[in-house]
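What follows is a short report on a single structure.
The values are calculated or read from the model by the stated rules, or taken from the named source; none is laboratory data. The model shown is predicted, which means the values in this text are computed figures rather than measured ones. Neighbour counts are summed over all protein chains in view; Cβ atoms, including those assigned to glycine, are modelled from backbone coordinates with ideal geometry. Surface accessibility is based on the protein's heavy atoms, side chains included, excluding ligands, DNA and RNA. Shrake-Rupley method; radii C 1.70, N 1.55, O 1.52, S 1.80 Å.
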Amino acid sequence: MIPAPTKTKIKEVKTSEKKEVVKKNLTTEIENWIDYYDLAYAVAMAETWNCKFWFWKEYNNCFGIKNWQTAPCPEVGRKNMCIYKTPAESYEAFKKIWKKWYKRFPDYNLAVRWTGNDKASIWLNNVKLYYNQRQRVLTNEKKLK
């Protein structure tokens, strides 16, 4: 015999608490989906051919990162550009900035924000191209193992 349902008081949860839980779970899910190193590589290729062009090579700044509060840099050069000792330091700064302000794989709106609307669609196409190339290489390497 099935027991009769009992009246239980459902704990009320504030909407803001629900939003925080959903936001936290979604952020974790997104962070697990994006390969931030491959995204950083793709952006570096799209912007500076991975630190090989312009004064980004001189500064080891593969992304054109400027000195702001999210990822302050040890040294600042022309146009408030960060100067890093190694390109790896600029990669770490990029990942920190992207995780804090962008939080997902780039779409057109994020491309506009990141580039200041300077050829955003071209930038986005290049980022997707290099990201997908890296992902294919990793997939092929896993298949070979």
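Structure summary
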| read-out | value |
| --- | --- |
| Solvent-accessible area, 1.4 Å probe, carbon plus sulfur percent, for region 44-145 | 53 percent |
| Net charge of neighbours whose Cβ lies under 14 Å from the Cβ of GLN69, counting Lys and Arg as +1 and Asp and Glu as -1 | +3 |
| ARG104 paired with LEU129, simple spin-label distance in nm, labels 7 Å along Cα-to-beta-carbon | 2.5 nm |
| Restraint check, LYS85/LYS142; LYS95/LYS128; LYS96/LYS119; LYS52/LYS119; LYS66/LYS99; LYS99/LYS143, Cα-Cα greater than 22 Å | LYS85/LYS142; LYS96/LYS119; LYS99/LYS143 |
| Long-range amide H partners of LYS66 with built H, under 5 Å | CYS82 |
| Extended-chain gain in nm, criterion 0.36 nm per residue less alpha-carbon gap, LEU144 and THR70 | 22.7 nm |
